[in-house]
Amino acid sequence: MTSAEADRVSVDALVARIRERLREAADPARAPGQQAYMKSEMPFLGVAVPTTRQIARAAGREAAPDVLEGAARVLWDEASHREERYAAQALLGLDALRGDPQTVPLIEHMVRTGRWWDVTDELVHRVSDLLDADPVRTGALVRDWSTDDDLWLRRLAIIAQLGRRADLDRDLLADVIEQNADDREFFIRKASGWALRDAARTDPEWVRAFVAAHELSPLSVREAAKHL
């Protein structure tokens, strides 16, 4: 068996293990409510998101990076239920892949094909890992995303630094919000305000000055001002 064949066997085994455990944890009674809340065409199994993450992380903890990435892609692309996609995202957060630039194409793929806030917002953590590992290269990537045709990639660019506190790159945040200041899309305006609100936790004066100097939507301003 070649190395590639062995990896494929390992990928298939990991995918099967995660699927089996998700179905063991399923609660059909809660599934319709989850699907309605997320306005999802894809059905749910009825597994709570924290439980889904725990299942994926426990199953993949000892796996090699290539196996984790391969399993994440299979779970994502071949998902029959939304929890499989959440599990795929959880695999990208394991130590073996965290901050690895090889995950960037898969992160972009998830955003472009997931096309909803739960997908995009969860991947903020993975972008933060990339910023920790290589702030210059990742900063350039985030700036590219901020002008992409895909609104969900633009949203990811805007909220990419949520929770970074002392590590916040203010120039990067300013750039991505300025690129989208005229966008009338709700999810973009909300993201801009959310990112500024989070920045205000550690640098309220910078946020106050930024809001005063830019023509932002009323929604963005309201969100930004919540901690001012």
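Annotations for the structure displayed:
- Check on residue 33, open to solvent by 20 Å² or more (accessible area, probe 1.4 Å), more than 22 Å from residue 153 (Cβ to Cβ) and of a type outside the set (Ser, Thr, Tyr): yes
- Here region 160-206 is the region considered, the condition is being of a type in the set (S, T, N, Q), touching a Ser or Thr at 6+ places or on another chain (Cβ under 8 Å) and not in a helix (DSSP H, G or I), and the residue that is surrounded by the most Cβ atoms within 10 Å (Cβ to Cβ) is 161.
- Among the candidates 127, 111, 136, residue that is touching a residue at least 24 places away in the same chain (Cβ under 8 Å), among the hydrophobic types (A, V, I, L, M, F, W, C), over 24 Å from residue 37 (Cα atoms) and not in a loop (DSSP other than H, G, I, E, B): 127
- Checking each residue in region 185-214 for being over 19 Å from residue 157 (Cα atoms) and acidic (Asp, Glu) picks out 203, 205.
- Residue satisfying condition, being out of contact with any helix residue (DSSP H, G or I) (no Cβ under 7 Å at 6 or more places or on another chain) and under 16 Å from residue 121 (Cα atoms), within set 50, 65: 50
- Residue 225 vs. criteria closer than 25 Å to residue 132 by Cα, open to solvent by less than 50 Å² (accessible area, probe 1.4 Å) and of a type in the set (Gly, Ala, Ser): no
Residue-wise test of (1) among the basic types (Lys, Arg); (2) crowded, with 19+ Cβ neighbours inside 10 Å.
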position	(1), (2)
88	no, yes
91	no, yes
97	no, yes
102	no, no
106	no, yes
112	yes, no
116	no, no
120	no, yes
127	no, yes
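- When residue 79 is tested against the conditions (1) more than 21 Å from residue 168 (Cβ to Cβ); (2) among the aliphatic types (A, V, I, L, M); (3) open to solvent by less than 10 Å² (accessible area, probe 1.4 Å); (4) without any contact (Cβ under 8 Å) to a residue 40 or more places away in the chain, the lone failure is (3).
- Residues that are open to solvent by 80 Å² or more (accessible area, probe 1.4 Å) and either touching a Ser or Thr at 6+ places or on another chain (Cβ under 9 Å) or free of Cβ contacts under 8 Å to residues at least 24 places away in the same chain (or both), drawn from region 139-151: 144, 149
The values are calculated or read from the model by the stated rules, or taken from the named source; none is laboratory data. Nothing here was measured: the structure is a model prediction, and the numbers come from that model. No Cβ is skipped: glycine too gets one built from the backbone with ideal geometry, and neighbour counts run over all protein chains shown. Only protein heavy atoms, including side chains, enter the accessible area calculation; ligands, DNA and RNA are left aside. Shrake-Rupley method; radii C 1.70, N 1.55, O 1.52, S 1.80 Å.
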